[in-house]
Amino acid sequence: MAGQLNRHAHAIQANRDMMRTIRGLLTGSSAILATTLFLLGFFTFSAVNEQSLRDDAISDAKVLARLTFSGMYQIMRTGWSRDQLDDFIESVRHSADGFPTQIQVYRGDLVSAVYGPMDQQDPDREILQALGNGQAVEEQSEDSVRYVLPLIATEACLTCHANARRGNVLGAISVTQSIGELLEDHRQRFTIAGLPAIPVTAIAALLMVWYIARRLSSSIDNLSGEIESIHRVSDLKHLARTPPRLAFAEFEPIGQQISALTERLRNIAVDRDMLEFEIRLLEKFIITSEVVRDWREYVARLLEEINSVLPTYALFSIFKTGAQTYEVEVFWLRSPNGSLKETFERALRRSLLQATIDHASSDCNIRHNIVDPSQSLHDGSVEPELQTKSLVINVPKIGGIVGIGLQPDPAEDPARLLVIDSVLSTLLNVVGSVKAIHHYTSELEYFATRDPLTKLYNQRVFWELLDNEIARSARHDHSFVLLLVDIDNFKSINDSHGHAFGDSFLQRIATAIRESVRPDDMVARYGGDEFIALLPSASIREGSRVSERILEAVARLQLTAPDSSVIHASLSIGLAAFPTHGTERKDLFLLADNMLYRAKSEGRNCLRCPSPDDLAAAFREAGERTLQLFSAIDDRSFVPYFQPIVDVASGTVIAYEVLSRWPSGDGPGRSAEDFVPLAERMGVMHKIDLMVLRVALDQIVTSGFTGSVFVNSSPRALILDEFIPEVRRIVSDSGIHPSRVVFEITERETIRHPGVLDHFIARLTNEGFRLAIDDFGSGFSSFHYLKRFPFDFLKIEGDFVMNMLESERDLAMVRSIAALARELGIRCLAEHVESAEILEALRSLGVELAQGYHLGAPAPGLRQA
């Protein structure tokens with residue numbers, strides 16, 4: 001209340017100040033106007049009167065000149081003599097003595113030639129002008145007027161002036177009148193006569209100012225009161241219908257225009273409260289990373305947030321899940337009773353699903369979600385058909401959403417309900433996006449750890465599980481068994497009956513293995529036709545029993561091929577046990593792989609466990625490989641191979657990935673898989689990385705290639721303080737700018753050292769190097785790493801790319817990862833591009849970069865640019 005009184009007092013004071021300003025303006029303007037008019041009138045009338053006096057003086061001079069000529073003419077007609085004429089002229093000259101008039105007679109050359117010159121003043125310019133052209137001359141100066149009359153010869157004149165012809169100028173008469181004193185006297189009398197008009201004019205101006213100010217003040221107060229009474233859009237109604245009363249009739253069109261403007265404002269204006277309400281409502285639509293967890297939980301929280309600005313008891317969304325199938329998610333703020341649910345569903349089906357979507361025969365599943373089950377919602381205050389604010393579209397938006405609706409409180413301000421109408425399309429996109437993000441991220445996370453075909457763990461995850469199991473078993477002094485399983489003759493089956501049957505065959509085998517192991521055992525698809533099983537807390541005997549169950553389950557399988565033939569399956573299994581056969585994952589795997597090979601060589605369809613001789617042979621081979629590795633490092637035998645990375649749109653090579661190779665005779669050399677595990681265990685992998693990096697950069701410089709260089713680094717190198725300084729020196733020595741060097745980070749290799757990884761990436765970025773996340777989607781933490789670190793490139797896991805043309809799931813994974821990279825502003829790179837068809841599919845998905853054997857196999861050295 002005090003605030004309103006203060007605003008009112010300020011408004012009154014402002015009006016008074018404005019009127020004081022207007023009065024001052026009117027008074028000053030009126031004074032200036034009155035003074036100007038008075039002076040203008042005074043000087044105008046004075047000038048007119050003076051000009052009249054001058055005109056009268058000219059007229060008198062003309063009369064005197066003609067009278068003088070008439071007198072001379074009469075004398076000459078009577079037979080005048082020279083003396084008589086001289087006396088006449090002299091009398092004329094002195095006739096105006098005592099008067100402000102001078103009369104002069106001038107004899108022309110024709111007359112002087114006959115009668116001789118006469119005593120006269122030297123003719124001036126005006127006299128000569130009159131004598132020359134025979135025209136009368138009028139001249140006015142400040143205090144005198146002058147008239148010169150030329151004397152023109154007529155027929156009567158020719159009798160005496162035989163040397164003249166008719167029309168010749170015989171002489172001139174000049175009459176000058178002095179009017180200076182007359183004008184001064186006139187001015188004094190005119191000024192004295194005009195003095196009384198000054199106060200009269202001033203009084204009239206003040207009265208006019210008072211009258212106008214009074215009328216204007218009344219109008220301004222009236223208009224100010226009208227404006228002061230407006231606090232919201234609805235208050236404009238009175239001013240729009242009743243034009244304000246203004247001071248003068250001439251101002252009525254302005255009042256009518258103010259009313260018309262007010263009416264237009266009513267149609268387009270929005271209350272500040274309404275704007276704030278809409279802003280608060282839109283703020284609730286912000287999507288955060290929390291939606292990855294549970295999109296329904298997000299929408300439930302969204303309904304609570306909407307209620308903080310607009311009482312709403314329900315929110316529903318309609319999703320198209322098939323050609324004729326729909327799913328409705330209803331979110332209740334509080335728990336509704338059964339009858340309310342039924343009423344709402346009937347209204348929803350009748351008003352929206354059938355009338356709007358026009359699918360009366362469509363299958364529709366309605367699911368109810370309750371935000372706060374502890375509170376009840378009574379159906380007496382709910383009228384679903386009357387209160388529903390909804391938006392339904394024909395073409396599904398993102399997430400398959402085709403409709404959205406709110407059930408606001410019926411007592412709410414209708415204007416606020418209009419705001420709901422305006423944000424329904426935004427709300428529809430938000431809910432659809434939330435569901436789509438949840439769906440895509442759930443699929444991405446699931447298939448980052450699973451084989452899309454068999455739904456078993458993939459190879460990447462299995463290595464992490466194996467590492468964890470080794471650490472756990474060592475800590476608790478437990479044993480476990482590793483089984484490596486291979487399908488016998490699968491290539492022949494796949495080639496004979498097609499890939500579709502081969503995929504079905506793999507799925508049946510995977511199911512049989514999964515059902516044969518214990519509930520806590522972990523099974524993964526290692527690749528192609530190979531599976532691997534991890535049996536925690538199992539002895540060799542227990543592992544053998546599980547293997548026998550697997551062999552028996554697969555033997556019972558009978559699969560009907562497309563040609564109606566019945567296909568039987570068999571497996572070969574190799575076994576390795578921790579810690580009996582080894583304590584490192586690679587040792588265990590190599591031993592199991594060796595046993596699998598021996599099982600196949602011994603007739604297939606059997607299990608092979610390692611004997612003491614098998615162990616001795618395996619360790620002997622490992623020792624030989626270790627000696628060979630150290631010798632190769634000493635001899636600097638490792639060389640870089642370069643695989644091109646191509647711009648998908650243009651086909652140009654924009655980068656090379658550097659791969660380490662160990663030459664072997666005249667062949668292509670050993671790949672990284674053949675020596676990296678051993679070098680990692682021996683702690684010398686960083687030496688190989690630095691050796692290969694130096695040679696690679698020298699070759700890049702020599703070749704003249706100006707693109708980027710992708711480098712793989714050993715995860716063990718991250719804990720070495722001298723690694724990055726040495727990298728800096730190598731890059732500096734080569735002359736290549738650090739921004740051209742891209743370090744590939746594979747999250748599955750560094751997940752056990754998050755703190756070390758933070759430090760490593762910070763040092764790399766500070767040095768100006770760029771980063772790529774490798775094998776994206778292959779591990780548990782891909783999204784976490786993508787959010788946490790400033791990656792410049794995202795490399796899609798090659799397994800997804802290779803199978804994208806045969807697997808809808810792999811295609812969906814590639815599409816989703818590419819879209820995610822675009823949204824984050826990261827360049828997307830697809831690995832393992834093995835055909836033109838895959839490249840074209842990647843181009844259609846908007847993947848920017850690609851590498852693979854179709855685009856170029858790894859090769860030693862670069863050709864000069």
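The values are calculated or read from the model by the stated rules, or taken from the named source; none is laboratory data. Quantities reported herein were computed from a predicted structural model and do not represent experimental measurements. Cβ: placed from backbone, ideal geometry, glycine included. Neighbour counts: every protein chain shown. Accessible surface areas use protein heavy atoms only, side chains included; no ligands, DNA or RNA. Shrake-Rupley method; radii C 1.70, N 1.55, O 1.52, S 1.80 Å.
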| Sequence of Ile173, Ile254 from largest to smallest accessible area, 1.4 Å probe | Ile254, Ile173
| said: If a paramagnetic tag sat 7 Å from the Cα of Ser570 along the Cα-Cβ line, which residues of the stretch 586-609 would have the backbone N under 17 Å from that point? | reply: 596-609
| message | Within 10 Å of each candidate Cβ there may be at most 14 other Cβ atoms; applying that plus a DSSP loop requirement, which GluC sites (Glu not before Pro) in the stretch 135-180 survive? | response | Glu142, Glu155
| remark: Reduced to Cα centres, the span from the stretch 419-484 to the stretch 807-865 in Å works out to 23
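Computed FRET efficiency, Cβ-Cβ of Ala47 and Met208, R0 35 Å: what is it to the nearest 0.05? Provide the component values of the computation, followed by the final result.
On the way: r = 28 Å, r/R0 = 0.79.
That gives a FRET efficiency of 0.80.
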| field | FRET efficiency, 1/(1 + (r/R0)^6) with R0 41 Å, evaluated for Thr511 and His784 via beta carbons | value | 0.80
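Looking at the square roots a ≥ b ≥ c of the eigenvalues of the Cα gyration tensor of the stretch 432-536, which shape do they give, rounded for a/c under 1.5, prolate if a/b is larger than b/c, or oblate? Mind dumping the intermediate values first?
Numbers: a/c = 2.53, a/b = 1.08, b/c = 2.34.
Oblate.
So which of Lys455/Lys795; Lys341/Lys455; Lys435/Lys795; Lys600/Lys795; Lys600/Lys687; Lys455/Lys687 end up more than 28 Å apart, counting from Cα to Cα?
Numbers: Lys455/Lys795 23 Å; Lys341/Lys455 38 Å; Lys435/Lys795 26 Å; Lys600/Lys795 37 Å; Lys600/Lys687 38 Å; Lys455/Lys687 39 Å.
As for pairs spanning more than 28 Å Cα to Cα, those are Lys341/Lys455; Lys600/Lys795; Lys600/Lys687; Lys455/Lys687.
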